[in-house]
Amino acid sequence: MPRALTLQVNGRATKVETDDPDMPLLYALRDGLGLHGPKFGCGLGQCGACTVLIDGEAVRSCVTPLSAVAAKAKITTLEGLSKDGKPSALQQAFIDEQAAQCGYCINGMIMQSAALLRTNKKPDEAAIRQALANNLCRCGTHVRIVRAVQRATS
Ligand code: FES
């Protein structure tokens, strides 16, 4: 019998019906709540496309069980970074630098960068590269991605 779990997503309490409380958070966000900011890439916690913030930390939602974050954890998806329909400074910097090529990795890159900027307002290039080292981009637009994060902090 389906169970209703409450998630705190982008500042709102939201109910998700599920038969499997241990299903990946990514599925609940995308399929249950229609939040398509987090992408399904590898499904194994290795590519970073599904990255969201949980209590401000970058987390791979494809390997995070729903039950682990229900009720209390504050979940932020890409959609939660914008305000009143306007992109955040970080999102705008990615747009201005045309950081995306195919774009599939970019949402995860932005979320990973958002987590970095929470704890380091002025990261140098090495810190940005280190923070994004495990977010994969098959198009190879890393140079523009790093520039976008730098632009957001300048
Ligand atoms: Fe989650 Fe690749 S889809 S890390």
Pick from Gly43, Gly34: which is part of a loop (DSSP other than H, G, I, E, B), at pLDDT 95 or above and within 16 Å of the ligand (Cβ to nearest atom)? Gly43
Given (1) within 15 Å of the ligand (Cβ to nearest atom); (2) not assigned by TED's automatic domain parsing to the domain that holds Thr141, identify the lone condition not met by Asp22. (1)
Subset of region 71-98 that is assigned to a loop (DSSP other than H, G, I, E, B) and within 16 Å of the chain's Cα centre (by Cα) - its residue that is surrounded by the fewest Cβ atoms within 10 Å (Cβ to Cβ): Ser82
Positions within region 55-89 being hydrophobic (A, V, I, L, M, F, W, C), more than 10 Å from the ligand (Cβ to nearest atom) and closer than 21 Å to Glu17 by Cβ, in sequence order: Leu66, Ala68, Val69, Ala70, Ala71, Ala73, Ile75
Return the total of residues in region 56-70 being part of a helix (DSSP H, G or I) and in contact with a helix residue (DSSP H, G or I) (Cβ under 7 Å, 6 or more places away or on another chain). 4
Could you give every pair whose Cβ atoms fall below 8 Å, whose first residue belongs to region 94-105 and is over 13 Å from Arg138 (Cα atoms), and whose second residue is of a type in the set (Gly, Ala, Ser) and outside any helix (DSSP H, G or I), counting only separations of at least 6 or pairs across chains? Phe94/Ala100
Looking at region 115-127, is at least one residue out of contact with any Lys or Arg (no Cβ under 6 Å at 6 or more places or on another chain), crowded, with 21+ Cβ neighbours inside 10 Å and assigned to a helix (DSSP H, G or I)? no
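The values are calculated or read from the model by the stated rules, or taken from the named source; none is laboratory data. This is a predicted model, so every value here is computed, not measured. Cβ coordinates were reconstructed from backbone atoms using ideal geometry, including for glycine residues, and neighbour counts include every protein chain displayed.
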